[in-house]
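J.: One structure, as structure tokens, below. Some questions next.
Just so it is clear, none of the values below were taken in a lab; they were calculated from the coordinates. Owing to the predicted nature of the structure, the values given are computational and were not obtained by experimental measurement. Positions of Cβ are generated from backbone atoms using ideal geometry, with glycine treated the same way; all protein chains shown enter the neighbour counts.
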Amino acid sequence: MHLKPKSAFGQTVLLIGILLLINQVVSYLSVTYTFIRPSYQQINSLLATHIKVLFMQDVDHLSPTFHKRYFEATGIRIYTEAGAVANGLDNATYYQFLSKQMSDALGGTAEVRITPGDPYMFWVNPPQAPNIWITVPMTGVGEADISPLTIYLLVIGILSVAGGWIFVRRLNRPLQALSNAAIAVGKGEIPPPLKEEGTSEIIEVTRTFNQMAKGIKQLEDDRALLTAGISHDLRTPLTRIRLASEMMSEDQEWIRDGIIHDIEDMNDIIDQFTEYVRKDCSEKSESTDINELIQEAVQARNIEGHHHIALDLNPLPSFNIRRVAIKRILDNLIENAFRYGSDEIIITSSHNPKQGTVTFAVRDFGTGIPESDVEGLFKPFAQGDKARGSVGSGLGLAIVKRAVELHNGTITLQNHSEQGLVATVTLPLDGKRSYKKV
């Protein structure tokens, strides 16, 4: 368990809290040694003076009337050990630092105790007469009441932490907005311009990010327009070529079939280019059971007699997904499994309640691919023939990866331990990106 927070917000608040704690400790020590300790030293000095007066030899020669008046005026009393106990000595609190100071002042071992009340009663056992106790009442003296100081420092600490929290939150808000917007851009979504707020440095970063997002959107729009234009312009001559080939004589049928096959391949490549450029962000999410989409995809493939799909589907919860995008994922994975793998494939699905994810996988029984080629297959225009002996535009898995990331999910390709390749797609049920390390 890491006690140190990782976010700038948490670290700043923690730093403010530590500094305030140090400040409070220093303040307590300063008040104690600057105000409270000198006050008790003065009181102790006054007590020592009274004790010295009582044991002055010249005082013994004074009249008994003076002694009586002196004791009445000061309230000082002298008790034997038994008398002191009878008058509340056991209820008095011993103070070590006062006893040490009194011992230094009287030149011997002395003991000082205090009974709280009104007035406070100071008990002194002087070194001149170890068997007696002298009590000296003190009015206007109380224990150091540091509760106002405590409240003051507590209020200052709370206000400081609250102020720091507000400041850091205000500083962190635009940074969080930048982080969310950057994640959206990474998924192909261009968010509206961010509000320029915060410190001057953050405002400058936000302004730069807005300009960058605007430039990316312009590039995406230009690319989509260019691809749409190329697709439209290419399909027209391809259609004319196909019509012309249909008019060829029967003895040239093999040429006609070759031309038609090539035209269909070119149309497929154009469709893949269009799919790769097209954004699925505009599609609305709706609650769907992925098992239903898998069964629909399998039913559409049943028309191909030489292909067979086995199903191993477990119950799945419905959650919000983009149906068209998920269908595109399934169609591409199934097509790749048949084209590059085998005529027999299996599709599985599962639900992990603990991690809050839904997983489906497409496995073929082909030869698999080298581990070094796995990561490269997700790149646009990567040629699959390097791995499993076929040609194509190289956009199929790139389209799949983009659609998966649109749902904040993950896709992996892995050779099966027995035979074939397994493409696994994992999607979070809450639609949120997971940053947990695997």
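J.: Under 14 Å between alpha carbons, and skipping anything fewer than 8 positions from Lys52 in its own chain: which aspartates and glutamates qualify?
T.: Hits, sequence-local ones excluded: Asp60, Asp104.
J.: Of Lys195/Lys217; Lys217/Lys401; Lys195/Lys401; Lys284/Lys354, which pairs sit farther than 22 Å apart, going by alpha carbon to alpha carbon? Could you put the intermediate results ahead of the total?
T.: Numbers: Lys195/Lys217 18 Å; Lys217/Lys401 20 Å; Lys195/Lys401 31 Å; Lys284/Lys354 27 Å.
From Lys195/Lys217; Lys217/Lys401; Lys195/Lys401; Lys284/Lys354, over 22 Å: Lys195/Lys401; Lys284/Lys354.
J.: Once you sort the root eigenvalues of the Cα gyration tensor of region 68-133 as a ≥ b ≥ c, which label holds: rounded (a/c under 1.5), prolate (a/b larger than b/c) or oblate (the other case)?
T.: rounded
J.: Okay, next question. Taking one equal scatterer on every alpha-carbon of region 283-428, how large is log10 of I(q)/I(0) by Debye at q = 0.10, 0.17 1/Å?
T.: With one equal scatterer per Cα and no solvent, log10 I(q)/I(0) is -0.32, -0.96.
J.: So, one more: Dipole of region 283-428 (Lys/Arg Cβ +1, Asp/Glu Cβ -1, origin at the Cα centre): which of Ser372, Pro428, Ile334 lies farthest to the positive side?
T.: Pro428
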